[in-house]
Amino acid sequence: MESASRSSRSGSCADLATRRQFLKVGLAAGAVLAVVRFLERSEAAPAPNHRVLDSTAVVTVAAFVPIVLEGTLPEEPQARARAIRETVEGFDRAVSGLSLPVQKEVDQLFGVLRFAPTRLAFTGLWQPVEESSPEEVAAFLLRWRHSSFDIQRAGYQALTQLIQAAWFDNPLSWPAIGYPGPPRIA
């Protein structure tokens, strides 16, 4: 009888710990977003030839592309630079097609990556993504991929899926995967 009451108490303690952890994570994420929002001086205008990404986000996405698409980009330097540029443009087009609230969330994600204290706390990167080594960025993406926090996993999925979609939508990627392109209508 006593062991049954202990197990019911320990079960409720486990539930309480889970609820506490959930509340702590929620409050921390809310605080981070509030700080990022507060520190935003003004909404930056989109970079030239882009719909929604500002110049800092363009550089950040360009730094992610070779890491996320490792092994799929052309090796030749000019072709590689073109592929990265076109993937960033495709990322921008994809984000511009999302609803305004989702676009805002993507912008907040870049705000977290841009602001040094939140970048360090959430990614472990001391320097901006574009100044970090590919190994450091790959390690942080791997941590986010397997994180126990939904917000980090969601950030990982948003970044990687938008980059992958932008690349595989690009005709430059098609020969490597054996896709002949869309059927031609006569």
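The values are calculated or read from the model by the stated rules, or taken from the named source; none is laboratory data. Source: prediction; values computed, not measured. Please note: Cβ atoms are built from the backbone with ideal geometry, for glycine as well, and neighbour counts cover all protein chains shown. These accessible areas exclude ligands, DNA and RNA; they are computed on the full protein's heavy atoms, side chains included. Shrake-Rupley method; radii C 1.70, N 1.55, O 1.52, S 1.80 Å.
The rows are residues; the columns are (1) under 21 Å from His146 (Cα atoms); (2) in contact (Cβ under 8 Å) with a residue 40 or more places away in the chain.
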position	(1), (2)
Val68	yes, yes
Glu75	no, no
Arg80	no, no
Arg85	no, no
Gly97	no, no
Gln103	no, yes
Leu109	yes, yes
Pro134	yes, yes
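Take the residues in the range 94-122 that are out of contact with any Ser or Thr (no Cβ under 9 Å at 6 or more places or on another chain) and of a type in the set (S, T, N, Q), then tell me which one is surrounded by the fewest Cβ atoms within 10 Å (Cβ to Cβ). Break it down into steps so the answer makes sense when it comes.
First, the residues of the range 94-122 that are out of contact with any Ser or Thr (no Cβ under 9 Å at 6 or more places or on another chain): 94-102, 104-109, 115-122.
In the following step, the residues that additionally are of a type in the set (S, T, N, Q) were identified as 96, 99, 108, 118.
On the way: Ser96: 13, Ser99: 8, Gln108: 16, Thr118: 18.
Applying the filter and picking the extreme gives Ser99.
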Q: Could you check how many residues of the range 66-93 are closer than 13 Å to Val52 by Cβ and open to solvent by less than 50 Å² (accessible area, probe 1.4 Å)?
A: 4
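Could you please let me know if Thr60 is part of a helix (DSSP H, G or I), open to solvent by 50 Å² or more (accessible area, probe 1.4 Å), of a type outside the set (Lys, Arg) and under 23 Å from Ile151 (Cβ atoms)? Outline the logic, then answer.
Numbers: part of a helix (DSSP H, G or I): yes; open to solvent by 50 Å² or more (accessible area, probe 1.4 Å): no; of a type outside the set (Lys, Arg): yes; under 23 Å from Ile151 (Cβ atoms): yes.
In short, no.
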(Q) Restricting to the range 138-173, count the residues that are touching a residue at least 60 places away in the same chain (Cβ under 8 Å) and under 16 Å from Val58 (Cα atoms). (A) 7
Q) Val35 fails exactly one of the following numbered conditions: (1) closer than 27 Å to Leu142 by Cβ; (2) part of a helix (DSSP H, G or I); (3) modelled with pLDDT of 90 or more; (4) over 17 Å from the mean Cα position of the chain (by Cα). What is the number of that condition? A) (3)
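Go over the candidates Arg143, Arg184 one by one and state the one that is open to solvent by 90 Å² or more (accessible area, probe 1.4 Å), out of contact with any Asp or Glu (no Cβ under 8 Å at 6 or more places or on another chain), over 20 Å from Gly90 (Cβ atoms) and modelled with pLDDT of 95 or more. Quick ask: steps written out before the conclusion?
Numbers: Arg184 fails: modelled with pLDDT of 95 or more.
Answer to the check: Arg143.
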